[in-house]
Amino acid sequence: AYLARGENRHILRAYIEKFKFAGVRIDDALRLFLLSIRLPHDRASVESVLENVALQWTNANAVVGFDPTLTLSLIRSIMRLSDELHDGIRTRLVSVDDFVADFRNYDSRMFVPESLLNLIYASVRKY
């Protein structure tokens, strides 16, 4: 929660900027980042951290054409997918079609290519 506090956001931004996200696929960037920290317990703090990650990744990968809001939605979808696939309480396997359909609720204009969503699904399922 320390990095997510308002008075420490500049430290959070500086920490995230140390990651070289340029040219790194979003799920790989998220995995690298999450392996380096422990997320806070409260939802608002987690959102603050993830918003900063989304902003940094979007800025480092401007050529992709995503805005920070879309990137944050994709990060949230990746985290939900990981929880659903790896939480140990799986009632049914989430398919790639389920993942894509769920994400399209946040990306109805289909800015994120389905091929990328398929790669992300395969990567999250593997790890």
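The values are calculated or read from the model by the stated rules, or taken from the named source; none is laboratory data. Computed from a predicted model, the values in this text were never measured in an experiment. Here Cβ is always computed from backbone atoms with ideal geometry, including for glycine, and neighbour counts include all displayed protein chains. Only protein heavy atoms, including side chains, enter the accessible area calculation; ligands, DNA and RNA are left aside. Shrake-Rupley method; radii C 1.70, N 1.55, O 1.52, S 1.80 Å.
Over all directions, how big on average is the projection of the convex hull of the alpha-carbon atoms in the chain, in square nanometres? Don't jump to the answer; show the numbers that get you there.
Details: hull surface 31.4 nm².
The number I arrive at for the chain is 7.9 nm².
Applied to segment 99-110, the Karplus parametrisation 6.51 cos²θ - 1.76 cosθ + 1.60 on θ = phi - 60° returns per-residue 3J(HN,Hα) values of 4, 4, 4, 4, 5, 4, 4, 9, 9, 5, 8, 6 Hz, with x for Gly and Pro.
Suppose a student asked you for the relative contact order of segment 1-104, using Cα pairs under 8 Å spaced at least 6 residues apart; what percent would you report?
On the way: 75 pairs, mean separation 26.3, N = 104.
Normalised by residue count, the contact order of segment 1-104 is 25 percent.
Can you compute the helix-only [θ] at 222 nm over the chain? Use -39500 (n - 2.57) per DSSP H run of at least 4 residues, normalise by all residues, nearest 500 deg cm²/dmol. Walk me through the numbers before you get to the answer.
Details: 6 runs with 79 residues, N = 127.
My calculation for the chain gives -20000 deg cm²/dmol from helical runs alone.
For the chain, the solvent-accessible area of protein heavy atoms averages 60 Å² per residue (probe radius 1.4 Å; ligands and nucleic acids excluded).
With all protein chains in place and a 1.4 Å probe, the accessible surface of the chain carries 54 percent carbon and sulfur.
Largest GNM mean-square fluctuation across N61, N52, N105, computed for the chain with C-alpha springs under 10 Å, falls on N105. Full extension of the chain segment joining D67 with V46 gains 5.6 nm, where the gain is 0.36 nm per residue of separation less the Cα-Cα distance. Given their separation in residues at 0.36 nm each and the Cα-Cα distance between them, V96 and A14 gain 26.0 nm when the chain is fully extended. Comparing mean-square fluctuations of D97, D27, D87 from a GNM of the chain with C-alpha springs under 10 Å, the top value falls on D87. Which listed residue (L50, P40, I26) has the Cα farthest towards the positive end of the charge dipole for the chain, taking +1 on Lys and Arg C-beta and -1 on Asp and Glu C-beta about the Cα centre? Of the options given, the answer is P40. Coupling constants for segment 55-61 follow from the phi torsions by the Karplus curve (6.51 cos²θ - 1.76 cosθ + 1.60, θ = phi - 60°), and in residue order they are 5, 5, 5, 4, 5, 6, 10 Hz; glycine and proline get x.
3J(HN,Hα) along segment 72-87: 5, 4, 5, 4, 4, 5, 5, 5, 4, 4, 4, 4, 5, 7, 10, 7 Hz, from the Karplus curve 6.51 cos²θ - 1.76 cosθ + 1.60 with θ = phi - 60°, whole Hz, x for Gly and Pro.
Multiply the residue gap between R80 and Y106 by 0.36 nm, knock off their C-alpha separation, and tell me the result in nm, one decimal place.
Details: separation 26, 0.36 × 26 = 9.36 nm, distance 1.34 nm.
Gain in length upon complete extension: 8.0 nm.
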